[in-house]
Amino acid sequence: MIIPHGVVVGTAKPGVEVADVFHQFGAAYQHHHCLSHQQRNVMRAIEQCRTAALGGHVDECDHCGVLRISYNSCCNRQCSKCGALTKARWLQARCAELLPVEYFHVVFTTDHAVNPLACCNPRQIYDL
């Protein structure tokens, strides 16, 4: 891709991103570990997030005419770049529902025979 003079591409990247790790080690990891279809899709989405692979658009400054290329995001909730805002909004909404009392996190197990039922009907089981 040839970038014309006066065009700014994106903004400065932080040191290392999850996508960088996936690019460098993802193939070797997949070779030695079995990933589900969903996990492979998430990995691919994160690798392609905000790159030319997902397309983009060009913004032009009204005052100086400088062009800036912005690449589209993957919009995947597991993506550290795309999911952060959604997660923050979700967390804020949950905090608004809390009562001003102390909370305790309780973990419990069920009999192994209940697992298939819980997998098929999680809402009903958790509501019990």
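Estimated from helices alone, the mean residue ellipticity of the chain at 222 nm is -12500 deg cm²/dmol (sum of -39500 (n - 2.57) over DSSP H runs with n ≥ 4, per residue). 3J(HN,Hα) along region 38-46: 5, 5, 5, 5, 5, 4, 5, 4, 5 Hz, from the Karplus curve 6.51 cos²θ - 1.76 cosθ + 1.60 with θ = phi - 60°, whole Hz, x for Gly and Pro.
Loop-located chymotrypsin sites (Phe, Trp or Tyr not before Pro) in region 58-113 (DSSP state other than H, G, I, E, B) with a sparse environment of at most 11 neighbouring Cβ atoms within 10 Å: Y103, F104, F108. Distances between placed amide hydrogens fall under 5 Å for G56 paired with N72, all partners being 5 or more residues away or on another chain.
Any read-out appearing in this document is the output of simple, stated calculations on the displayed coordinates, not a laboratory observation. The model shown is predicted, which means the values in this text are computed figures rather than measured ones. Every residue, glycine as well, gets a Cβ built from its backbone with ideal geometry; the counts of neighbours run over all protein chains shown.
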